[in-house]
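The values are calculated or read from the model by the stated rules, or taken from the named source; none is laboratory data. Note that this is a predicted model, so its numbers are computed, not measured. Cβ atoms come from the backbone with ideal geometry, glycine included; neighbour counts cover every protein chain shown.
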Amino acid sequence: MITALGFRLSAFAAIGSVLLAACGKQTSATADSAGSVAQVRGASIAFPRSGSADEWPMPGGDYSNSRYSELAQITPANATRLRAAWTFSTGVLRGHEGQPLVVDKTMYLVTPYPNVSYAIDLTTEGQPLKWKFRPENAQAAQGLACCDVVNRGASLANGALFYNLLDGHTVAVDAATGVQRWKTQMGDLQRGETITMAPIVAKGKVLVGSSGGEMGVRGWIAALDAASGKQLWRAYNLGPDKDVKAGTRFKPFYSQDRGTDIAMTSWPGESWKIGGGAAWGWFSYDPDLNLVFYGTSNPGPWNVAHRTGDNKWSASILARDVDTGELVWAFQVTPHDMWDYDAVNENILVNLPFDGAPRKVMVHFDRNGFAYTIDRATGQVLLAKPYVPMNWSTGVDLATGRPNVNPEKRTNAAPKVKNICPSLEGGKNQQPAAFSPATGWFYVPTNNLCMDWESREVSYIAGTPYIGASAPEMGGPGGYKGEFIAWDATTGRKAWGIKEPYPVWGGALATAGGVVFYGTLDGWFKAVDAINGKVLWKFKVGSGVVGNPVTYKGPDGKQYVAVYSGIGGDMGLLIAGDVAANLPYDVRERGSTLPELAKWTSWGGMLFVFSLDEK
Amino acid sequence: MSQHRTAFGVVSFTLCVALVGFSTQNASRATQDAARARDTTKFVVHGDHIRPGGIALRDSTAMRNPFEGDKNAIELGSKLFISYNCVDCHGADGSGAMGPALMDGRWHFGGSAAEVYESIAQGRPDGMPAWGGLLDKNSIWRLVSYVRSLEKGKDVATENFTGKTVERTGH
């Protein structure tokens, strides 16, 4: 009986594979089937964390954004014994992107707007608060955030918690007392500038970047003195070389990225002043090269009729000197973006064997559907392969780094362009991937969505959206809308994948125990075998997961895994059907993209913490 | 109700007696305040106003949309809705996006013509811009006409996952 059932399942799987292969042909984006991709030997995190593996002191766990922990108590052999250890309500019911931090036996949380922070004492049963900090935070900011009032977390350094407020301020809060040390206004709400990203702290500098790519902002990043909050430098992503800080040290790898004032001359007229190119994603830091790496958002408006040219440095990856802000290299991932393919996704700093030799690279899973392996010293693209179904491009030309665009999928090819893949949510969005040096693979939460596109006229009015298009979305080929995959960045091949009914909007965590963790939009938190993708354990949390799991060792010596539950963000809030039923969002046009999601989850705002039970 | 009014009258009378000893300057300010209180254009009557002491806003007058019932105003309003970027916040047909939906009958600040006018002209604290500085009154009224035409009914039903829609019974 069991055998017969097993056979039937295999038969189904085989039919499924054939169907998927057929779909793969039409999209031109295929990944290898599971089992044929070898683990990558000799791969390493470029800059593993210097502190204790028991803690989680910064958003990505380390400067490399690896989201990898050396903790190994939880293994494929015992993961079925995972249980909820304790929970905590943040008191906010909006999208909980980001992750908690753990330093010195204390856990630190930051909520979505109004950006309350909590310090939780891990040494005492019942996890009492050490403090709660409620910042002043302009109410109007809520109406200027494009994609829910999210916050992607804090960094802890120099005895302070550093994070950004939605209304455009950066704050430092004393980690011991919860008293505000300083608060600096960085963004201008009147021009639609909010801040949602998680800062990192390098060499005593707090590095922050702006949001507002849908509001006609002019994106920037800045460094603040961690001790005083004073701004040390600010560099714009668009505009003349002086503002962009492109001087004698600026050496882009590709010839099309060179030229005086190219971030101004690649725009018509003065459109660069309202051209977007914000920096709302994850920052990485290379202490050897003394560079901070980050990506920039889409150019604005979405309607390309307003902005001929490459529109640099929108949809680009930039490398800047941490001390001066000087631009050292830049690579435009999607020149003249017309699909809302921001390049803000994380750059994971690793050393990989490449063509037989170790290579210092960054790996970047772009919204445009290509996974890039890039030399992080020069910005040279070593490899770019599709990691999700796509049809807007036939591939990236490694001689120029430019994608070859399918002319039919240009958003100005017709008044209404049908079926562009991936959708504007990208092959992956803010949800960060993780890297394990044990397997040498990347663990990537992905979306499988396509869209139609219709541009319309738009005029710039400060403090209002500057978009000029509508783009209804639908599921991509294959009958699934998300997949959690393991990726070999030396060959550009998928090792295995777990198909999900919804876009995987939460981040990944990899551990030395050989277990990888992620959460889903429909509210499952899963532990997966890093080698074969087998789901070892899952737990239904109170609300969909759009946050990123972290792991730490408690004062009792046990390994814990913590993750936010609280659906929201662009996918959760804007498309979640009835999920936001108490907000007036449930009749929106795009509710049809994820019509059944509201059946499986509802809005929430909880921290869940798991550990192995004692048996 | 009349008893309440009587009681209020007594309180007012007492207050006036107390004011007699004040300077003429204060008295004239009291007169100005009284005049201001009768300035009917400043008030919008909200259906769910709480009336402290059971007393209604006696002198207020409901603002009226001069284009009430004018289909042309709805058409012009729909164009303004796009050209002033309302559409990118509130979604196509008011389906909701960055800002709240306008079609579901759930109004944060009231759905009468005067209330919608007030929301557009003065803005709202959660990020609705105050358009009174940029748009003239007639443009705002045309937007009011359009926005109110989007409403599909009071408290549009939510899904119940049985394939049927049901009346919303509260949150």
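Could you figure out which of (1) surrounded by fewer than 23 Cβ atoms within 10 Å (Cβ to Cβ); (2) more than 14 Å from every other protein chain (Cβ to nearest Cβ) isn't true of residue A:163?
Here residue A:163 clears every test but (1).
Any residue at all in segment A:481-501 that is in contact (Cβ under 8 Å) with a residue 24 or more places away in the chain, away from chain B (no Cβ under 14 Å), of a type in the set (Ser, Thr, Tyr) and within 15 Å of residue A:423 (Cβ to Cβ)?
no
Looking at segment A:423-464, which of its residues are in a loop (DSSP other than H, G, I, E, B) and either closer than 15 Å to residue A:344 by Cβ or free of Cβ contacts under 8 Å to residues at least 40 places away in the same chain (or both)?
The answer is A:424, A:425, A:426, A:427, A:428, A:429, A:430, A:431, A:432, A:433, A:459, A:461.
Just a yes or no: is a residue in segment B:103-113 without any contact (Cβ under 8 Å) to a residue 12 or more places away in the chain and surrounded by fewer than 21 Cβ atoms within 10 Å (Cβ to Cβ)?
The answer is yes; a qualifying residue exists.
Tally time: how many residues in segment A:426-461 are surrounded by 21 or more Cβ atoms within 10 Å (Cβ to Cβ), touching a helix residue (DSSP H, G or I) at 6+ places or on another chain (Cβ under 8 Å) and within 14 Å of another protein chain (Cβ to nearest Cβ)?
2
Yes/no matrix, rows are residues, columns are (1) of a type in the set (Asp, Glu); (2) touching a Lys or Arg at 6+ places or on another chain (Cβ under 7 Å); (3) farther than 20 Å from residue A:264 by Cα:
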| position | (1), (2), (3) |
| --- | --- |
| A:308 | no, no, no |
| A:313 | no, no, no |
| A:316 | no, no, no |
| A:322 | no, yes, yes |
| A:325 | no, yes, no |
| A:331 | no, no, no |
| A:338 | no, yes, no |
| A:345 | no, yes, yes |
| A:349 | no, yes, yes |
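Tell me the residue from A:106, A:184, A:194 that is within 27 Å of residue A:552 (Cβ to Cβ) and out of contact with any Lys or Arg (no Cβ under 6 Å at 6 or more places or on another chain), please.
Details: A:184 fails: within 27 Å of residue A:552 (Cβ to Cβ); A:194 fails: within 27 Å of residue A:552 (Cβ to Cβ).
Being within 27 Å of residue A:552 (Cβ to Cβ) and out of contact with any Lys or Arg (no Cβ under 6 Å at 6 or more places or on another chain) holds for just one of A:106, A:184, A:194, which is A:106.
Residue B:17 - would you say it is in a loop (DSSP other than H, G, I, E, B) and either touching a Phe, Trp or Tyr at 6+ places or on another chain (Cβ under 8 Å) or at pLDDT below 80 (or both)? Outline the logic, then answer.
Values: in a loop (DSSP other than H, G, I, E, B): no; either touching a Phe, Trp or Tyr at 6+ places or on another chain (Cβ under 8 Å) or at pLDDT below 80 (or both): yes.
When the stated conditions are applied, residue B:17 does not pass them.
Exactly one condition in (1) modelled with pLDDT of 85 or more; (2) more than 14 Å from every other protein chain (Cβ to nearest Cβ); (3) assigned to a loop (DSSP other than H, G, I, E, B) is not met by residue A:564; state its number.
Failed condition: (3).
Could you tell me which of the residues A:484, A:525, A:517 is of a type outside the set (D, E, K, R), part of a strand (DSSP E or B) and more than 29 Å from residue A:42 (Cβ to Cβ)?
The unique qualifying residue is A:525.
Of the residues A:334, A:324, only one is surrounded by fewer than 18 Cβ atoms within 10 Å (Cβ to Cβ), β-branched (Val, Ile, Thr) and assigned to a loop (DSSP other than H, G, I, E, B); which?
A:324
Anything in segment A:462-475 that is touching a strand residue (DSSP E or B) at 6+ places or on another chain (Cβ under 7 Å), more than 7 Å from chain B (Cβ to nearest Cβ) and under 24 Å from residue A:272 (Cα atoms)? List them, or say none.
Across segment A:462-475, the qualifying residues are A:468, A:469, A:471.
Which pairs have Cβ atoms under 9 Å, sit 6 or more apart or on different chains, and link a residue in segment A:597-614 that is within 14 Å of chain B (Cβ to nearest Cβ) to one that is aromatic (Phe, Trp, Tyr) and crowded, with 21+ Cβ neighbours inside 10 Å?
Cβ pairs passing all conditions: A:597/A:502; A:600/A:502.
Can you tell me which of (1) in contact (Cβ under 8 Å) with a residue 60 or more places away in the chain; (2) surrounded by 24 or more Cβ atoms within 10 Å (Cβ to Cβ); (3) within 30 Å of residue A:47 (Cβ to Cβ); (4) of a type in the set (A, V, I, L, M, F, W, C) is the one residue A:172 doesn't meet?
Condition not satisfied by residue A:172: (1).
Please specify each residue of segment B:87-101 satisfying the condition of being facing chain A (nearest Cβ under 8 Å) and at pLDDT 85 or above.
B:88, B:89
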